[in-house]
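Take a look at the structure below.
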Amino acid sequence: MKNATRIQHQPPPSLQDGNEPLVMPIYQSVKFELESLRDTESAWAGRGGYHYSRCANPTVRALEEVLASLQNQEDAVVVGSGLAAVAVTLLALLSHGDHVVGFAQTYGPTRGLLLNTLAKFGITHQLVSIDDHQALETALQAKQTKMVWFESPTNPANKLADISVITRLAKQYGAISVIDNTFAGIEAHAEYPIDLYVHSLTKSVGGHGDVMGGAILGRQELVDQVRTQAIALGPVMDPHTAFLVHRGLKSYKVRRRACCENALAVAMALEADKRVARVRYPGLQSDPYHRLACQQMPDFGSVVTIDLHGDADASRVFADHLELFSQVASLGSTESLIVSGPLMQPHGLTAEQRIWADISPTSHRLSIGLEDADDLIDDLKQALTQALGA
Ligand SMILES: *Cc1c(COP(=O)(O)O)cnc(C)c1O
């Protein structure tokens, strides 16, 4: 064999039996060879074996398996972003003529898919308030509904959905229930009869703000439908990304615990500060969702949403004077982040739905990171002094 040929045909490394890498290997290959045309046909038909990484890849598959087991579900599909997970789920399970019930408080880009993308395909929706169970039941009675889509806690207002009520009503009226579980975390709500769980892995699972991903988890039959759609549409996760998410996952529980502890400390300090009109954190006894959170959530999360006294201009001064909180999108990172009211104004809602969404120009969503809690509190207090005086 000449060198030009040898370069193209080097065999992959082979390890003796029982000799495994300790850290997840990255199968950075688009293509996988099989022994025969018969085996290749079988792999292409989805009957075992890897052939092309848009359909399956061993590193990506390993991530799917660990995520499914953490959420206590039969299977999972991972894709290239959280919003891809939302979109693929909606497109996989809904057809022309179907109806979805969602909530006005839902993450803006998810609402955008319901309002714009699905509408183009003749899929209708109704948005009710996450707090109004009667309106949910009325909506389900009024129109045959294929899916109820909800979040808990919601982004950005930090409201909790009563999962027992929502899943019971969805089942009673023959609808699939899907939760976006990003805020609650990768292990949360496993004991509820939810049909599908969707996550943005970009947030606390990846955890370091350097990688994007999404996951859909649930029972086999539904996950298979979602996987078929994901392969058809192509928003795959690449193996290097899967490796990074997997690496983030290794420290997920300790990071999550530390961020939640910091969030509680920040929430308590802000609650005691008279310049802050409202602190929305389910870990506070004063929070209207506290009792539900104690029943439902494994922890209270790392997001604290606040509303300041004073006008919109004072709120801008506050945001601009923070030194440790970066004004960037995203959450669940190691650094603390802030997104302020003008950036969170909900689009495409009626006046009534905007009241339910409960976000004003003086609202701020804080994502609490791993800094020292006292430093974070000092930073918030000095910015409050700049904005609203001592
Ligand atoms: C961020 C987020 C998403 C979208 O995830 P990306 O990875 O940014 O695409 C979906 N749902 C919720 C609740 C989120 O916070």
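Out of the helices (runs of 4 or more DSSP H) lying entirely within segment 31-105, which hold 2 or more residues that are surrounded by fewer than 18 Cβ atoms within 10 Å (Cβ to Cβ)?
In segment 31-105, 37-44, 58-70 are the helices (runs of 4 or more DSSP H) which contain 2 or more residues that are surrounded by fewer than 18 Cβ atoms within 10 Å (Cβ to Cβ).
Any idea which of 333, 302, 326 is of a type in the set (S, T, N, Q) and more than 30 Å from residue 192 (Cα to Cα)?
326
Here is a check on your reading of the model: is residue 150 open to solvent by less than 10 Å² (accessible area, probe 1.4 Å) and either on the phi > 0 side of the Ramachandran plot or among the aromatic types (Phe, Trp, Tyr) (or both)?
Yes, satisfied.
Could you tell me whether residue 177 is touching a Ser or Thr at 6+ places or on another chain (Cβ under 9 Å) and not acidic (Asp, Glu)?
Answer is yes for this residue.
Closer than 23 Å to residue 324 by Cα, modelled with pLDDT of 95 or more and open to solvent by less than 60 Å² (accessible area, probe 1.4 Å): does that describe residue 258?
yes
For segment 133-162, which positions are within 16 Å of the ligand (Cβ to nearest atom) and over 15 Å from residue 102 (Cβ atoms)?
Scanning segment 133-162 gives 153, 156, 158, 160.
Among 118, 113, which is the only one that is in a helix (DSSP H, G or I), without any contact (Cβ under 8 Å) to a residue 40 or more places away in the chain and open to solvent by less than 10 Å² (accessible area, probe 1.4 Å)?
Going through 118, 113 in turn, just one is in a helix (DSSP H, G or I), without any contact (Cβ under 8 Å) to a residue 40 or more places away in the chain and open to solvent by less than 10 Å² (accessible area, probe 1.4 Å): 118.
Considering segment 84-99 alone, what residues qualify as being touching a His at 6+ places or on another chain (Cβ under 9 Å) and either more than 16 Å from the ligand (Cβ to nearest atom) or farther than 24 Å from residue 202 by Cβ (or both)?
99
Restricting to segment 299-325, count the residues that are among the hydroxyl-bearing types (Ser, Thr, Tyr) and either away from the ligand (no atom under 16 Å from the Cβ) or out of contact with any strand residue (DSSP E or B) (no Cβ under 9 Å at 6 or more places or on another chain) (or both).
1
Can you name every residue in segment 245-290 that is in a helix (DSSP H, G or I), aliphatic (A, V, I, L, M) and either under 30 Å from residue 79 (Cβ atoms) or in contact (Cβ under 8 Å) with a residue 40 or more places away in the chain (or both)?
Result: 245, 249, 254, 258, 263, 265, 266, 269, 270.
Taking residue 124 as the residue in question, decide whether it is in contact with a Pro (Cβ under 9 Å, 6 or more places away or on another chain), more than 27 Å from residue 339 (Cβ to Cβ) and away from the ligand (no atom under 16 Å from the Cβ).
no
The values are calculated or read from the model by the stated rules, or taken from the named source; none is laboratory data. In this text, all values refer to a predicted model and were calculated from it rather than measured experimentally. No Cβ is skipped: glycine too gets one built from the backbone with ideal geometry, and neighbour counts run over all protein chains shown. We work out accessible area using only protein heavy atoms, side chains counted, and drop any ligands, DNA or RNA first. Shrake-Rupley method; radii C 1.70, N 1.55, O 1.52, S 1.80 Å.
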